[in-house]
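Heads up: the structure comes next, in structure tokens.
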Amino acid sequence: MSEFVYTASEHAFQDAAQLIPGGVDSPVRAAKAVGATPAFIAKGEGAYLWDVDGNRYIDYVGSWGPLIMGHAHPVVLEAVCEAAHKGLSFGAPTVAETELAQAITEAFPSMEMVRLVSSGTEATMSAIRLARGVTGRNYVLKFEGCYHGHADALLVKAGSGALTMGVPSSAGVPAKTTETTLVAQYNNLENVRELFQQYGNDIACVIVEPVAGNMGVVPPEEGFLQGLRDITKEYGALLICDEVMTGFRVSFGGAQGYYDIDPDLTCLGKIIGGGMPLAAFGGKREYLKYLAPEGPVYQAGTLAGNPVATAAGLATVKLLREPGVHEAIVQKTAQLAEGIREIAQRLGVPAWVNQVGAMFSVFFTEEPVRDYESACSSDTEKFARYYRALRNEGIYVAPSQFEALFMSAAHTQQDLDETLSAVEKVLKAL
């Protein structure tokens, strides 16, 4: 296959850069870390994307995770159109919000009550405020390389775009804002315990991606999540599982269902919006009762529970609930991850592939990737070449070494075979 042409995308990027900072509305999209011009997307259908130049890609980004049923699934589109015809937004309660909350609580037994919001950042920010309100404490403990949105207090050794861009924190965040943010090493319980021994009486919560997805996919080691549960209970702090990425994707009941963990609060996003802007946080009834209007912890949003987004999310969750659907997606993910491992090993290319449920990452390093430090050992220049070459073969992956890749129900065996063929061609040339 000859190299794809990106003339229209290049022109679109130049135009965008005149009006939008960096030419994009979210930093990683700019593809600066991989030395590429971003492909400007014209449409998506099933497992595929087409850019404005007419190039077709097999997509493993899926709008960064929510499109687990694929692009423009007809059932989801029908639900969106039906809702939109009734009105785009009301700023008032709808029955659909209760129906989605019911679906969430059935899938996540730890979530006895749910509050819908519009973004993952809003969900994590609100969950932390709630934890502080419940406990009357100030400190928040997070982990290196875990990204919980762009709220000021959480932009400390964050993953995702902050890691991709080489920015461990952000300008514009006052030092005092992060004074009560503690940072521990992922998969290091001893480090967590040391911090609790020093600050435990003032730690309101631990927030964790139960499977890290924002330094690339990094699974928890055996006993890590349960250890967090034990330590937080011992000190009276709340455990927050940030399942914005892993919810309904690692398993139907999220990572907490997969690893049998019972958190106090959970944050969800991505899939519960079915591709529309929607997220949620929830947890034990005794804690959610602290939220206004019942309690003293204020949280609000005009577009929270937007009827169109809620319809898309509810349709997606119902599709996932059908027998065998989720299991098939996970099986395809495991097949692709194992195929990439086998090719890299056979060709002698140092690569480490992590996969949990329907998400995976390829790291160009010889050592196992188990935390922020080992993720950062990856050869990012090699990844940049890999990204550019794969894109020219019609395979669309995230433009960053430190992002997860996602499978959908729409991917076929032919798509997997075509992807593995492209990976082999690219790795041979690296």
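The values are calculated or read from the model by the stated rules, or taken from the named source; none is laboratory data. As the structure is a computational prediction, the values presented were derived from the model and not from experiment. FYI the Cβ positions are ideal-geometry reconstructions off the backbone, even for glycines, and counts take in every protein chain you see. Remember, those area values only see protein heavy atoms, side chains included, never the ligands or the DNA or RNA. Shrake-Rupley method; radii C 1.70, N 1.55, O 1.52, S 1.80 Å.
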Among what's in region 156-193 and is open to solvent by less than 20 Å² (accessible area, probe 1.4 Å) and assigned to a loop (DSSP other than H, G, I, E, B), pick the residue that is modelled with the lowest pLDDT. Gly159
So is Arg385 more than 20 Å from the chain's Cα centre (by Cα) and at negative phi or not? yes
Failed item, numbered, when Ile41 is tested on (1) in contact (Cβ under 8 Å) with a residue 12 or more places away in the chain; (2) touching a Phe, Trp or Tyr at 6+ places or on another chain (Cβ under 8 Å); (3) of a type outside the set (Lys, Arg); (4) farther than 18 Å from Ala309 by Cβ: (1)
Given the conditions (1) closer than 26 Å to Gln331 by Cβ; (2) part of a loop (DSSP other than H, G, I, E, B), every one holds for Gly257 apart from (2)
How many residues does region 72-96 hold that are part of a helix (DSSP H, G or I) and over 15 Å from Leu314 (Cβ atoms)? 2
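Out of all the residues in region 17-29, which are in contact (Cβ under 8 Å) with a residue 24 or more places away in the chain and touching a helix residue (DSSP H, G or I) at 6+ places or on another chain (Cβ under 6 Å)?
Initial filter on region 17-29 (in contact (Cβ under 8 Å) with a residue 24 or more places away in the chain): 26-29.
Those that are in contact (Cβ under 8 Å) with a residue 24 or more places away in the chain and touching a helix residue (DSSP H, G or I) at 6+ places or on another chain (Cβ under 6 Å): Pro27, Val28.
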Region 90-114, residues that are open to solvent by less than 40 Å² (accessible area, probe 1.4 Å) and out of contact with any helix residue (DSSP H, G or I) (no Cβ under 8 Å at 6 or more places or on another chain): Ala101, Thr105
Residue count for region 194-230, restricted to those that are without any contact (Cβ under 8 Å) to a residue 60 or more places away in the chain, open to solvent by less than 70 Å² (accessible area, probe 1.4 Å) and part of a helix (DSSP H, G or I): 8
Those residues of region 281-322 which are within 18 Å of Thr121 (Cα to Cα), surrounded by 19 or more Cβ atoms within 10 Å (Cβ to Cβ), touching a helix residue (DSSP H, G or I) at 6+ places or on another chain (Cβ under 6 Å) and of a type in the set (A, V, I, L, M, F, W, C) amount to Phe281, Ala309
Go through Gly87, Gly136 for me and flag whichever is open to solvent by less than 30 Å² (accessible area, probe 1.4 Å), at pLDDT 95 or above and more than 23 Å from Tyr6 (Cβ to Cβ). Gly87
Find the residue count for region 392-410, including only residues that are of a type outside the set (A, V, I, L, M) and under 11 Å from Val34 (Cα atoms). 3
Quick check on this structure: which one of Ala33, Ala47, Ala107 is modelled with pLDDT under 95, under 20 Å from the mean Cα position of the chain (by Cα), within 30 Å of Ala212 (Cβ to Cβ) and of a type outside the set (Val, Ile, Thr)? Ala33
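Does Ala127 count as crowded, with 20+ Cβ neighbours inside 10 Å and of a type in the set (Gly, Ala, Ser)?
Numbers: crowded, with 20+ Cβ neighbours inside 10 Å: yes; of a type in the set (Gly, Ala, Ser): yes.
Taking the combined requirement at face value, the residue satisfies it.
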Considering region 33-67 alone, what residues qualify as being open to solvent by less than 30 Å² (accessible area, probe 1.4 Å) and β-branched (Val, Ile, Thr)? Val34, Ile58, Val61
Among the residues that make up region 352-368, is at least one of them surrounded by fewer than 20 Cβ atoms within 10 Å (Cβ to Cβ) and assigned to a helix (DSSP H, G or I)? no
Would you point out the residue of region 1-32, among those that are over 19 Å from Ala389 (Cα atoms) and outside any helix (DSSP H, G or I), that is least open to solvent (accessible area, probe 1.4 Å)? Val24
Sole residue being in contact (Cβ under 8 Å) with a residue 40 or more places away in the chain, farther than 22 Å from Gly46 by Cα and open to solvent by less than 50 Å² (accessible area, probe 1.4 Å), chosen from Lys332, Lys382: Lys382
